[in-house]
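Each remark here refers to the structure printed beneath this line.
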Amino acid sequence: MDNIMRILADFLTSFISSYGYFAVFIFMTAESALIPIPSEVTMTFAGFLSGIGIMNIWVVILIGAFGNLVGSLLAFWLGRKMGEEWIRVAIRKWGKWVLIHEKDFDKALVWFGKYGQGITFGSRLLPIVRTFISLPAGIANMDIKLFSLLTFIGSFIWSAVLAFIGLKLGQNWNAIEPIFRKFQYLIVGVFFALAVLYVWNHFRKNKKE
C-alpha cells in the first residue's frame with residue numbers, strides 16, 4: 001500500500017507541475033466524485049508551488065474548493081437519480097476497480113442519518129466519509145442549494161488548511177501526508193465529542209421544557 005501511495009503521489013505531483021490549476025481542479029473534482037485521489041497530496045503540493053511563485057495560493061484554494069463542489073454535485077446527482085439499491089449493486093460490481101467499498105457507503109449513510117444535512121459541511125474534515133457523503137445527501141433529496149453552500153464552505157476550509165500547510169512546509173510538503181492520516185483520527189474523535197455534547201444539551205433542554 002505504501003508503494004501504491006508513493007506511485008500515486010509521484011503521478012499527482014508530476015501532473016500538477018505540468019498542468020497547474022487545471023490539474024488541481026481535476027484531482028479535487030475526482031476526489032469528491034468517488035475516486036480516491038488524496039487531497040492531502042494535491043493541495044499541499046499546490047501550496048508548496050504557491051510558495052515558490054509558480055501558483056497563487058488563493059487561486060489554488062478557490063479552485064480546490066470549486067473542484068470539490070463539482071465532484072460532490074456529480075455524486076449527489078448520482079444518489080438522487082439512481083437510488084440506494086442501484087448504487088449498492090454498482091459498488092459490488094465495479095467498486096474494487098476504484099477502491100470503493102460498500103462498508104464506506106454504509107458509513108456515509110449512517111453518518112447522514114445521525115447528523116443530518118450539517119454533515120455535508122463537517123464531513124469535509126473527515127477521512128473516507130467526505131468522499132461518499134454526497135450519495136446519501138442525493139438519496140435523501142436534500143435541498144441542492146443548501147448542499148452546495150455547505151459543501152463549498154467546508155471544502156474551502158479544507159483546501160485552505162492543506163494549501164497553507166504546503167506553503168509553510170516548503171520542500172518538506174510531503175511530510176504532511178502520513179502525519180495527517182494519523183491526525184484525522186483526532187479530528188474524528190473531536191467531531192464525535194461535539195456531536196455527543198450537542199445531543200446531551202438538546203436532551204437536557206427538552207427534559208427541562
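The values are calculated or read from the model by the stated rules, or taken from the named source; none is laboratory data. The shown structure was predicted, so the numbers you read here are calculated from the model rather than taken from an experiment. With ideal geometry, Cβ positions are generated from the backbone for all residues, glycine too; neighbour counts draw on all protein chains shown.
Taking segment 13-59, which residues are of a type in the set (D, E, K, R) and at pLDDT 85 or above?
If the condition is that a residue be of a type in the set (D, E, K, R) and at pLDDT 85 or above, then GLU31 is the only one that fits.
Hey, could you check segment 26-77 for residues that are polar (S, T, N, Q) and assigned to a helix (DSSP H, G or I) and say which is surrounded by the most Cβ atoms within 10 Å (Cβ to Cβ)?
Step by step, filter segment 26-77, then rank; the result is SER72.
Which one of ASN141, ASN172, ASN206, ASN201 is over 21 Å from MET28 (Cβ atoms), at pLDDT 75 or above and among the polar types (S, T, N, Q)?
ASN141
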